[in-house]
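The values are calculated or read from the model by the stated rules, or taken from the named source; none is laboratory data. Please read these numbers as outputs of a predicted model, since none were measured by experiment. Cβ placement follows ideal geometry from the backbone for every residue including glycine, while neighbour counts extend to all protein chains displayed. Note: accessible area is taken over every heavy atom of the protein model, side chains too, but ligands, DNA and RNA are not part of it. Shrake-Rupley method; radii C 1.70, N 1.55, O 1.52, S 1.80 Å.
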Amino acid sequence: MVSTVYTAGLDGVNGFPVTVECSLTAPFGDKSTLDVVGLPDNAVKEAKERVESAIGNSACDYPFARLVVNLAPADKKKSGSAYDLAIAVSILQADGQIPKDATSGSCFIGELSLSGQIRSVRGVLCMVMAAREAGFARVFVPMANGAEASVAEGIDVYPVEDLATLVTHLRGTPMLTVRPFDKRIFDEGVKKSPLDFADVKGQQTAKRALEIAAAGGHNVLLIGPPGTGKSMLAKRIPTILPEMTFEEALETTKIHSVAGTLPENANLVTARPFRSPHHTMSAVSLAGGGAYPKPGEVSLAHNGVLFLDELPEFPKQVTETLRQPLEDHRITITRASGHCTFPSNFMLVCAMNPCRCGYYGHPTKRCTCRPEEIQKYMAKISGPLLDRIDIQIEVSSLSFDELSTAESSDSSATIRARVNAARRRAIERFKAGGERVFSNAEMSSSQLRRYVQVDESGSALLRAAYDSMGLSARGHDRILRLARTIADLDGSETVSAAHMAEAIRMRSLDRKYF
């Protein structure tokens, strides 16, 4: 006897439907056997022990038979424990313990414990969305993943606590209810951060630079001695970024679900991610990878901020992996088992000291580094990476008078309002041109020519800077993007000499230190 039920698998941050076929025949010897085929990994192969024990502990009879379970498509690798529930249902259906038509239009996702409890799995949102796209009407998921799965509108989501309850429900006694998703949960889920730019004394130049960076989605490098507030400023950047749209929240949630970093019973990531990995991390931790590729920090920071504190302390082979995702806003991980592409559109914020001791150029403290040591320290940051950072700003030490008499600056809410206004201008401009671009930093070279109108004095200033500073073509384009953002903050459609001068000034710090 053959039964067919359906589940879903993961391929990067995308799900795909999987057909689970179970064939039940007479055993060859004096005991039942279960073979799982269809390119399963070890976690899937071990499902037979979990499934046998779970069925026996759920008031069901494990069939005395030879069982063969096929996971189709058979040429696509299956990994993880999310197939357990579908395998158990297919066995019970093949044995006649569940009616044939009870599973029609349904998808089953979940890991089984030996007692029959259904445990949470990673990537549920991605798999449920794949089931919806494949035309399934309902999906049964672990109770702990119910909130996350309910976000996928257009398919009935049934959270399940254990296998016994599911079997009773499929036999015709209603035991489960649909988990609805109320979009107001997303609207109310945005929490006010305790951090605020008003807490930062002085540093008006740095605050201005971060406001410009937030308005255009630009990358930033903060250079200054210890204790000047570089980390303090960086941690407050999410408070001035625009609030996440529902689509951005959905994208971000899928990544965190696949990575297994989504909290239990959470439905959506409502705050922009702020990832701050330690400098001892590996290249795989940053870019992503593994035998079965998982997202790294560049993807976990998607739609948010990736903060690298003490940038020169990161191994060079680690920071060099940033070059491709900074340009393409996605990263492809290739392994022998296949390749996965993860989104990685983030705002890079870096902080560093001007030398190893931290006091090169300090007005009152003496630097103890030799010139060759300073040069070696700065050489840890490659030119190609530095060229991809739009804003390079110095965060200077404050004097006692500056610290004690500094007036309160604008709050994060005030700055965010200006950032939102600048972003709206940019998005409306792109929409009018039929472009799907959401920030000035994402503009291509052809879009720069179309959307950045520079007046005569601004063009002359850019020409002079290009020749005197030895800019690359990429550096030239990044100054234009930066000037476009400054003009948007100023409410101007034309980039003037003043806008261009400020953009050039924020790209010139590398001439002092590098």
Could you give the alpha-carbon Rg of the chain over 2.2 N^0.38 Å, rounded to two decimals? 1.18
Nonlocal Lys pairs with alpha-carbon distance under 18 Å, segment 1-159 (8 or more apart, or different chains): 6
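Express the relative contact order of the chain as a whole percentage, based on alpha carbon pairs under 8 Å and six or more residues apart in sequence. Don't skip to the answer; put the middle values down first.
Details: 1029 pairs, mean separation 66.5, N = 514.
Over the chain, the number comes to 13 percent.
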Taking R0 as 25 Å and r as the Cβ-Cβ distance between A498 and D401, the FRET efficiency 1/(1 + (r/R0)^6), rounded to the nearest 0.05, comes to 0.25
Using only alpha-carbon positions, what ratio does the radius of gyration of segment 126-247 give when scaled by 2.2 N^0.38 Å? 1.68
Highest average packing first - 383-392, 58-67, Cβ atoms within 10 Å: 383-392, 58-67
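What relative contact order, as a whole-number percentage, does segment 120-253 give when Cα pairs under 8 Å and 6 or more residues apart are counted?
Relative contact order of segment 120-253: 16 percent.
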Output the relative contact order of segment 229-300, whole-number percent, from Cα pairs under 8 angstrom with separation of 6+ residues. 29 percent
So what does log10 I(q)/I(0) come out to for segment 448-499 at q = 0.26 Å⁻¹, using the Debye formula with one equal point on every Cα and no solvent? -1.03
Cβ-derived FRET efficiency at R0 22 Å, E310 paired with D199, nearest 0.05: 0.50
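What's the extension gain from R474 to D61 if we count 0.36 nm per residue and subtract their Cα-Cα distance?
In short, 142.0 nm is gained.
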First compute the accessible area of segment 1-146 with a 1.4 Å probe, then give the percent of it belonging to carbon and sulfur atoms. 49 percent
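So, with a 1.4 angstrom probe, what is the percent of accessible area on segment 421-504 that is carbon and sulfur?
Of the solvent-accessible surface of segment 421-504, carbon and sulfur hold 48 percent.
For a quick check of your reading of the filter: which trypsin sites (Lys or Arg not before Pro) in segment 432-514 sit in a DSSP loop and have no more than 16 other Cβ atoms within 10 Å?
Taking segment 432-514 and a limit of 16 other Cβ atoms within 10 Å, the loop trypsin sites (Lys or Arg not before Pro) found are R436.
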Residues in segment 68-84, backbone N under 12 Å from the label point at D35 (7 Å along the Cα-to-beta-carbon vector): list them, ranges by number please. 68-70
Tell me which residues come under 5 Å, amide H to amide H, from G15 once H is placed; ignore anything under 5 positions away on its chain. A130
Sorting I427, I55 by accessible area (1.4 Å probe), largest first, what list results? I427, I55
At a Cα cut-off below 22 Å, give the lysines reachable from K235, other chains included and same-chain residues fewer than 8 away excluded. K191, K192, K201, K207
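To one decimal place, what Kirkwood hydrodynamic radius in Å is obtained for segment 276-426 from all pairs of distinct Cα atoms?
So the Kirkwood estimate lands at 18.1 Å.
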In whole Å and largest first, what semi-axes does the C-alpha gyration tensor of segment 181-287 yield when each eigenvalue is scaled by 5 and square-rooted? 28, 19, 12
List the residues, sorted by chain then number, that are 5 or more residues from K78 or on another chain and whose placed amide H is less than 5 Å from its amide H. D41
So with the 1.4 Å probe, I'd like the accessible area per residue for the chain, rounded to whole Å². 43 Å²
Only loop residues by DSSP count here, and only those with at most 12 other Cβ atoms within 10 Å; note down the trypsin sites (Lys or Arg not before Pro) in segment 151-203 that meet that. K183, K191, K192
Counting pairs of Cα atoms in segment 1-100, how many percent are more than 20 Å apart? 32 percent
Leaving ligands, DNA and RNA out of it, rank K230, K100 by accessible area with a 1.4 Å probe, largest first. K100, K230
Within segment 172-240, what whole-number % of the accessible surface is contributed by carbon and sulfur, with the 1.4 Å probe and all protein chains included in the calculation? 54 percent
So for the chain: antiparallel DSSP bridges make up what percent, rounded to the nearest 5? 45 percent
Figure the gain on full extension for H278 and H329 (residue separation times 0.36 nm, minus the Cα-Cα span) and round it to one decimal in nm. 16.1 nm
In segment 251-320, which GluC sites (Glu not before Pro) fall in coil by DSSP and have 11 or fewer other Cβ atoms within 10 Å? E264
